[in-house]
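A.B. asks: I'd like to ask some things about the structure below.
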Amino acid sequence: MTGTDDFDAFYRDTSRRLTRYAYGLTGDSGEAQDLVQEAYARAWQRWRRVSAYEDPEAWLRLIVNRLSTDRWRRIFRRRDHAAAQPPEPPFPPPSENTVLLVRAMRDLPAAHRQALVLHYLMDRSIAEIATETGASTGTVKSWLSRGRAGLAAAIGNDSREGANNVR
């Protein structure tokens, strides 16, 4: 048997147990899988030496344990650093105009909304929007025109409704 075959057999025999062990240490299945993957990568790099150990699986558990401890240290260090920082100032609430615009944008058809956002917020040309959406430039121009008209109508209606409610 070659070293690769030995390692493959070792992996098949031990990977489930080692993953359960890592899960027990971390409480997170994704993190456990990452730790186990890293441990096996390290074992593979040193397989000639590790395979000669009396209990190679114990060596892997030691590696997983150390990696898990390092993970917890990083988490606590980040938490302590964040706690030492002054709190971020709260974001100001959106302006009335922003609320009106967002409400009006929600009522537009998706194609019109996408064209408006790409053109006015992302500074894309009509040709670039056409390429990205797979539409012709004429269609993009139509979406922009209809989108602007829809926004104007919606914002005009909202501002008039607000004025009517004030009276």
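A.B. asks: For Arg49, only one of the following conditions fails: (1) of a type in the set (D, E, K, R); (2) touching a helix residue (DSSP H, G or I) at 6+ places or on another chain (Cβ under 8 Å); (3) in a helix (DSSP H, G or I). What is its number?
C.D. replies: Arg49 satisfies all of (1) of a type in the set (D, E, K, R); (2) touching a helix residue (DSSP H, G or I) at 6+ places or on another chain (Cβ under 8 Å); (3) in a helix (DSSP H, G or I) except (2).
A.B. asks: Can you tell me which residues in segment 52-61 are aliphatic (A, V, I, L, M) and surrounded by fewer than 12 Cβ atoms within 10 Å (Cβ to Cβ)?
C.D. replies: Residues of segment 52-61 aliphatic (A, V, I, L, M): 52, 58, 60.
Ala52, Ala58, listed by residue number.
A.B. asks: Just to be sure, is Arg106 farther than 30 Å from Trp143 by Cα and outside any loop (DSSP other than H, G, I, E, B)?
C.D. replies: Numbers: farther than 30 Å from Trp143 by Cα: no; outside any loop (DSSP other than H, G, I, E, B): yes.
Criteria not met by Arg106.
A.B. asks: Here is a list: Val99, Val64. Which entry is closer than 30 Å to Ile129 by Cα and either touching a residue at least 24 places away in the same chain (Cβ under 8 Å) or not polar (S, T, N, Q) (or both)?
C.D. replies: Numbers: Val64 fails: closer than 30 Å to Ile129 by Cα.
Unique residue meeting the criteria: Val99.
A.B. asks: State yes or no: is Glu88 charged (D, E, K, R), in contact (Cβ under 8 Å) with a residue 24 or more places away in the chain and more than 30 Å from Ser145 (Cα to Cα)?
C.D. replies: Numbers: charged (D, E, K, R): yes; in contact (Cβ under 8 Å) with a residue 24 or more places away in the chain: no; more than 30 Å from Ser145 (Cα to Cα): yes.
Spelling it out, it is not the case that Glu88 is charged (D, E, K, R), in contact (Cβ under 8 Å) with a residue 24 or more places away in the chain and more than 30 Å from Ser145 (Cα to Cα).
A.B. asks: Still on this model: Looking at segment 1-19 only, could you name the residues that are part of a helix (DSSP H, G or I) and free of Cβ contacts under 8 Å to residues at least 12 places away in the same chain?
C.D. replies: Within segment 1-19, the first condition is being part of a helix (DSSP H, G or I), and the residues that meet it are 3-19.
Passing the criteria: Thr4, Asp5, Asp8, Ala9, Arg12, Asp13, Arg16.
A.B. asks: May I pose another question? Of (1) in the same structural domain as Gly156 (by TED's automatic domain parsing); (2) of a type outside the set (A, V, I, L, M); (3) over 30 Å from Ala153 (Cα atoms), Trp44 satisfies all except one. Which?
C.D. replies: For Trp44, the exception is condition (1).
A.B. asks: How many of the residues making up segment 62-112 are surrounded by 11 or more Cβ atoms within 10 Å (Cβ to Cβ), more than 30 Å from Glu31 (Cβ to Cβ) and of a type in the set (A, V, I, L, M)?
C.D. replies: Matching residues across segment 62-112 total 7.
A.B. asks: So, of the residues in segment 26-36 that are part of a helix (DSSP H, G or I) and more than 16 Å from Trp59 (Cβ to Cβ), which turns out to be farthest from the chain's Cα centre (by Cα)? Walk me through it before giving the result.
C.D. replies: Just the residues of segment 26-36 that are part of a helix (DSSP H, G or I), to begin with: 26, 29-36.
Those left that are additionally more than 16 Å from Trp59 (Cβ to Cβ): 26, 29-34.
Working: Thr26: 21, Ser29: 18, Gly30: 15, Glu31: 16, Ala32: 19, Gln33: 19, Asp34: 17 Å.
Checked segment 26-36; the qualifying residue farthest from the chain's Cα centre (by Cα) is Thr26.
The values are calculated or read from the model by the stated rules, or taken from the named source; none is laboratory data. Fair warning: this is a prediction, and the values are worked out from it, not measured in the lab. Ideal geometry is used to build each Cβ from the backbone, glycine not excepted, and the neighbour counts take in all protein chains shown.
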